[in-house]
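Visitor: Quick one: the structure is below, and I'll ask about it shortly.
The values are calculated or read from the model by the stated rules, or taken from the named source; none is laboratory data. Since this is a predicted model, take the numbers as computed values, not measurements. Virtual Cβ from ideal backbone geometry, glycine too; neighbours counted across all protein chains shown. The area values use the complete protein model at the heavy-atom level, side chains included, leaving out ligands, DNA and RNA. Shrake-Rupley method; radii C 1.70, N 1.55, O 1.52, S 1.80 Å.
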Amino acid sequence: MRKILLLLSFLAFTTSTAFAQVEGVVSPSGDVMSDMQATEITEEHIIFGEPMPDVMEKFRLGEAIQKFDHLRGVEMQLSGTAQKCAGEDCWILLMDGGQKAKVILLDDRLSIPVDVAGKEVTVFGMLEEFLVGNPDQATETNEQTPREFHIIARSVRVSR
């Protein structure tokens, strides 16, 4: 009887192990590429977050920052090159034309693999401006208040 229970326990364990699922990005060949959750995987890209909507407002990040006063409050697709971000509230920096913006995910349950540095990335979200430092001090010294940009992202598409 003991042998039968032991055998049944062994079979139950090995069966459950054989059917374990990998959560994350798996290439078409079956290789695990990342342990982060992706919502769409194709030969060309990986999407994290919501599906990437097809919108008319599509800009390179540098262009969007130049037109920021007209684009304030508009959700759009922004593209650039990903770089690692050292901050706690940020997964990647989007870089383009000498400009940069922290990408902050709207859904804090999602994350983006840090190995996307150097890849082309398109983000759907809203560009926000933050003044860095004390604006009163900059006015007194006739300096322009430094600005920092964040993208509050719903969707992130990483090119392969």
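Visitor: Right, residue 50: modelled with pLDDT under 95 and loosely packed, with under 13 Cβ neighbours inside 10 Å or not?
Guide: no
Visitor: Something else now. Could you tell me whether any residue of the stretch 81-98 is among the basic types (Lys, Arg) and either assigned to a loop (DSSP other than H, G, I, E, B) or closer than 16 Å to residue 125 by Cβ (or both)?
Guide: There is no residue in the stretch 81-98 that is among the basic types (Lys, Arg) and either assigned to a loop (DSSP other than H, G, I, E, B) or closer than 16 Å to residue 125 by Cβ (or both).
Visitor: Right, here's the next one. Within the stretch 67-85, take every residue that is within 14 Å of the chain's Cα centre (by Cα) and open to solvent by 50 Å² or more (accessible area, probe 1.4 Å) and give me the one that is modelled with the highest pLDDT.
Guide: Among them, the one singled out is 83.
Visitor: Working only within the stretch 118-138, note down all residues that are open to solvent by 60 Å² or more (accessible area, probe 1.4 Å), among the aliphatic types (A, V, I, L, M) and modelled with pLDDT of 80 or more.
Guide: If the condition is that a residue be open to solvent by 60 Å² or more (accessible area, probe 1.4 Å), among the aliphatic types (A, V, I, L, M) and modelled with pLDDT of 80 or more, then 131 is the only one that fits.
Visitor: On to the next question. Looking at the stretch 101-117, which of the residues that are of a type in the set (Gly, Ala, Ser) and assigned to a loop (DSSP other than H, G, I, E, B) is most open to solvent (accessible area, probe 1.4 Å)?
Guide: The extreme case among them is 117.
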